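Just below is one structure, and these are the notes that go with it.
Every number here is computed from the coordinates shown, using simple stated rules; none is lab data. Here the structure is a predicted model, which means the values were calculated and not measured. Cβ placement follows ideal geometry from the backbone for every residue including glycine, while neighbour counts extend to all protein chains displayed.
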Amino acid sequence: MGSFSIWHWLIVLLIVVMIFGTKKLKNMGTDLGSAVKGFKDGMKDGATDAPAADAPAGQVTNATAHKDTIDVEAKEKS
């Protein structure tokens, strides 16, 4: 009873096809595929635009600092 057999999955697939229809499932699959492709492309673009890898997250490096940026240190309230 731990895992489902192939017959369980076929029955679930049949019910899903009966509820949504093949055209709707095809459109959902196409939308999901384009979303995954867009995410992968975004990750590639983000990796090339990222600042220096040795800088901690949230820290501004000299390479990305603008001339009008003021560098300050935050102090904790006691």
Difference of contour (0.36 nm per residue) and Cα-Cα distance, A74 to L25: 12.4 nm
Separation of the D41 and H8 label points, Cα + 7 Å toward Cβ, nm: 3.9 nm
